[in-house]
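The values are calculated or read from the model by the stated rules, or taken from the named source; none is laboratory data. Note that this is a predicted model, so its numbers are computed, not measured. Note that we place each Cβ from the backbone using ideal geometry, even for glycine, and neighbour counts take in every protein chain shown.
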């Protein structure tokens, strides 16, 4: 796990909310405090969709809402002159997507549920931290190191400047 402080919050938030950079992720959960507190559960309520609707909406096979679908909602809530008091958003990348993006061979034990990126804004500072969700206990941290490296590279490729680990 790494935790880094975002150096240019304005630029980061513009890219986060107004570009497609984070669209490969799914929106797992979040809390946003502006004038009131909003709590988000990103689980797709599949009972409210037919299988055809899930396919048409591009939701079939997803546990969480694609970030591309949640991004406009967050933008509408955050835009304006007042900075949010607080927010925390957890983004999720499936193991399949991670292995595809990194060209790594899939974990043969299937012990990984997903890869997490947490964004937290508090007291005027924005931090990003990583995590890996395991299905079972593992002492092997090699995929965590790969995920941390991937996120560092992802941030650098998109000019999302950050301090070294906190």
Exercise for review: For residue 77, indicate whether it is surrounded by 14 or more Cβ atoms within 10 Å (Cβ to Cβ), modelled with pLDDT of 90 or more and over 16 Å from the mean Cα position of the chain (by Cα).
Suggested key: yes
Point to revise | Residue that is nearest to the chain's Cα centre (by Cα), among those in the stretch 91-106 that are farther than 17 Å from residue 21 by Cβ and buried (at least 16 other Cβ atoms within 10 Å of the Cβ) | key: 94
